[in-house]
Amino acid sequence: MKGYPACLGVVLLLAGCCCVAASPGAKSSADDFAEFREKYPWTVSRELIARGVPGSVPETVIDEALVPTYTLPDLFVSQSGEHITTAAEWELTRRKELLGLFESEVFGHAPPKPERIAFEQVDQDLKALDGRATLRRIGITLREREGTFTFHFTLVTPNPPGEKAPVFLLLNHRGICSIQAKGPSQSTSWPVAYALERGYAMAALDLSEEVDPDKPNATTGLRAFYRKNYPRPAELTWGTLGSWAWAASRVVDYLVTAPDIDASKIAIVGHSRGGKTALWAGAQDERIALVVPNNPGDGGPTIVRRRFGNTIEVMTGRNPHWFTARYATYAHRENSMPIDQHMLVALVAPRGYHSGDGSEDLWHDPRGSWFGLVEASKVWALYGNAKALHDPMPLVNDLLIDGPIAYHLRAGGHGLLPFDWKLYFDHADLLFGRR
């Protein structure tokens, strides 16, 4: 059974005064975001390219002129050659087929939802944020054979209890303390006070601390538990990203039953590797109404055939545990893949999708992320709830919204900033029919 992070007691005891709250004199995330007010076309300077990417390899391509020629696999032609022309055909044939391909080729096969799962509220603070919120710590226990595995997540809901609140679930890697403010200002990556101002509940799951360690050959965590306790462990080819996404759906299992959460308005958000995870979780779990991958790069919505920035070779070489072993075999032969990442984005349709990138984050290929959405938007058009997108990219610091789909390119580098959150909440307000 997995224990709490060492600092949990401090979080629960101090939630009302500093851990999730901004102090009374602190600036709110609802400030005017003046530094992002200017909107302008995105251009990549030769100076930015020459600066390179810290930690990249000599072969790294971050110059658009060096992107190889490629042809994307057709979203609407099945493996048997059948042409998909309606949303019903997409649901019955192509969507299921693509889910299977991403399982076999990229993320691996995970176990089904467990038959024996239990939720326990292990602690709560009814007067967090000077009484504006209730903070709970929820334990999720899975049982397979005679073994159990427990992980926890944090949930903050507005006070006083009234109408059910929409919720953003953050897939995090920063620990339960570090995602919340330790000093006078609130966390930028989990701005709970600002979310409450906007009328949203906030949940957070620390993936590597609570679910599965982010390291190769881990001997603890969710996958190790299933190797020991699942009746047919050889069937489970999931990598760490797959295990994290699976655990996120177990949090959704709780959220859809929570009396103060609107089960029809669940959003999932992750940054970087968490963004890849959020996208895979949202592609599979149709209870998630809005999928938000922030700066996710390759393994997320970015077209891998572009071989731009963080390629399959580099990503699987440094993080072989993230994916199924088969994915690494496509390094240097991306064009032989039966899929590309636009198909992963398309699996979210017709639900909400909003990806955000940083204008200087070339390692995670903003243009490849945009292209992934442009191609995938054809599936939303098939459903009739959005138009197919086209170039050019939106202006830097602007927000493109077409019903359920949205995209923004924020000035700056790799990060999940308050301005990103503002735009995600703006889209959710429209999607969820809020003021």
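Values quoted throughout were computed directly from the atomic coordinates according to the rules given, and no laboratory measurement underlies them. Remember, it's a predicted structure, so these values are computed and weren't measured experimentally. Note that we place each Cβ from the backbone using ideal geometry, even for glycine, and neighbour counts take in every protein chain shown.
Just a few scattered comments:
- Among 270, 55, 412: highest mean-square fluctuation, GNM of the chain, C-alpha pairs under 10 Å: 55
- Among 123-129, 415-421, the order from most to least packed when residues are scored by Cβ within 10 Å on average: 415-421, 123-129
- Here the extension length gained between residue 234 and residue 148 equals 29.0 nm, from 0.36 nm per residue of separation less the Cα-Cα distance.
- In a simple Cβ point-charge model (Lys, Arg +1; Asp, Glu -1; nothing else charged), the chain has a dipole of about 760 debye relative to its Cα centre.
- Residues whose placed amide H lies under 5 Å from that of residue 397, excluding near-sequence neighbours: 409, 410, 411
- Tail fraction, Cα-Cα pairs, the stretch 46-143, threshold 16 Å, whole percent: 78
- Taking packing as the residue-averaged number of other Cβ atoms within 10 angstrom, the listed peptides 326-335, 378-387 run from highest to lowest as 378-387, 326-335.
- Between 81, 299, 356, the GNM of the chain built on Cα springs shorter than 10 angstrom shows 81 fluctuating the most.
- As a proxy for reagent exposure, 83, 271, 390 were ordered by neighbouring Cβ count within 10 angstrom, fewest first; the result is 390, 83, 271.
- Formal net charge of residues neighbouring residue 295 (Cβ-Cβ distance under 12 Å; K, R +1; D, E -1): -3
- Pairs beyond 22 Å (Cα-Cα), from 215/276; 265/378; 127/164; 113/228; 164/276: 265/378; 164/276
- Mean residue ellipticity at 222 nm, helices only, the chain: -7500 deg cm²/dmol; runs of at least 4 DSSP H residues each add -39,500 (n - 2.57), and the sum is divided by the number of residues.
- Other residues with beta-carbon under 11 Å from the beta-carbon of residue 159 carry, at +1 per Lys or Arg and -1 per Asp or Glu, a net charge of -1.
- Ranked by how many other beta carbons lie within 10 Å on average, peptides 425-433, 347-355 from highest: 347-355, 425-433
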